[in-house]
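Read the structure below first, then the notes.
The values are calculated or read from the model by the stated rules, or taken from the named source; none is laboratory data. In this text the structure is predicted, and so the values were computed from the model without any measurement. Here the Cβ is made from the backbone with ideal geometry for all residues, glycine too, and neighbour counts use every protein chain on show. All accessible areas refer to the heavy atoms of the entire protein, side chains included, with ligands and DNA or RNA removed. Shrake-Rupley method; radii C 1.70, N 1.55, O 1.52, S 1.80 Å.
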Amino acid sequence: DKGRLYLYRYWDYERNLSDFICKRVKIPADGPALDLSLMRERLGLLFPPERQGEANWQKIAAAAALMNSFTVISGSPGTGKTTTVTKIMALLLELAGERKISLAMAAPTGKAAARLQEAVKNAREFLPCAKTIKAALPEKATTLHRLLGSLPDSPYFRYNQENPLPFDVVIVDEASMV
């Protein structure tokens, strides 16, 4: 009626993804209860105070990521998104304590994955945290197709709704390109 054309498969993909995200944002972060005092302390160390009276949006984004099971961090180029994500991964590892958590990093293209990998490598050097935490940060980023296990000559993937990825946390950079 409005002169629009959609391929059913892509409309269905979009609808399913939208439904998944809507459900996911309502679920609190998995795992044991957060130690809020430790979280505040570590956030304060990783995100020093901004100018008096100004909100530190990177710190707020990190706190949101720690307390929610789905988080999107957006901003213009050079605003510190990847540095913030590196700090979030370090926080997750620190707050997990003895519990091991697995992290994966991916991007839509090989070039974007290489940039993510390099940015995390560079940011890790300046993190005020233990060497064991820095060592536990993922060193490799991959493409989304490789992460999901693209099946040759097929629109399907090895990992899907019935067979979820074997990671506790998945970081997707350049999500706007997906």
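General remarks:
- Cβ-based net charge around Leu137, under 15 Å, with every Lys or Arg adding one and every Asp or Glu removing one: +2
- Once exposed loop GluC sites (Glu not before Pro) are cut out (DSSP; at most 11 other Cβ, 10 Å), longest piece of the chain: 1-53
- Taking a ≥ b ≥ c as the square roots of the eigenvalues of the Cα gyration tensor, an a/c ratio of 1.5 or more together with a/b no larger than b/c marks the range 30-87 as oblate.
- Val72 accessible area, 1.4 Å probe, all protein chains in place, Å² to nearest 10: 110 Å²
- A simple count of charges around Gly80, restricted to other residues whose Cβ falls under 14 Å of its Cβ and scoring Lys, Arg +1 and Asp, Glu -1, yields +1.
- Spin-label model, Glu54 to Leu36: label points 7 Å out along the Cα-to-beta-carbon direction sit 2.8 nm apart.
- For Lys2, a cut-off of 30 angstrom between C-alpha atoms picks up these lysines, skipping any fewer than 8 places away in its own chain: Lys23.
- The length gained on full extension between Ser74 and Ser102, counted as 0.36 nm times the residue separation minus their Cα-Cα distance, comes to 7.7 nm.
- The alpha carbon radius of gyration of the chain, expressed as a multiple of 2.2 N^0.38 Å, is 1.13.
- Whether the range 86-178 is rounded, prolate or oblate, judged on the alpha carbon gyration tensor where a/c under 1.5 counts as rounded: oblate
- Heavy atoms of Thr132 accessible to a 1.4 Å probe, total area in Å² rounded to 10: 100 Å²
- Three-way shape label, the range 45-135, alpha-carbon gyration tensor, a/c 1.5: rounded
- Rounded to the nearest 20, the size of the Cβ-charge dipole of the range 1-71 about its Cα centre is 180 debye, with Lys and Arg at +1 and Asp and Glu at -1.
- In this Cβ point-charge picture (+1 for Lys and Arg, -1 for Asp and Glu), the chain has a dipole of about 180 debye about its Cα centre.
- Counting only DSSP H runs of at least 4 residues, each contributing -39500 (n - 2.57), and dividing by the residue count of the chain, the helix-based mean residue ellipticity at 222 nm comes to -14000 deg cm²/dmol.
- The alpha-carbon of Lys140 sits under 17 angstrom from the alpha-carbons of these lysines, leaving out residues fewer than 8 places away in its chain: Lys87, Lys111, Lys121.
- Sulfur and carbon atoms: percent of accessible area, the chain [1.4 Å]: 56 percent
- For the chain, the solvent-accessible area with a 1.4 angstrom probe is 70 square angstrom per residue.
- Close amide H contacts of Met105 (hydrogens built in the peptide plane, cut-off under 5 Å, sequence separation of 5 or more or a different chain): Thr142, Ile171.
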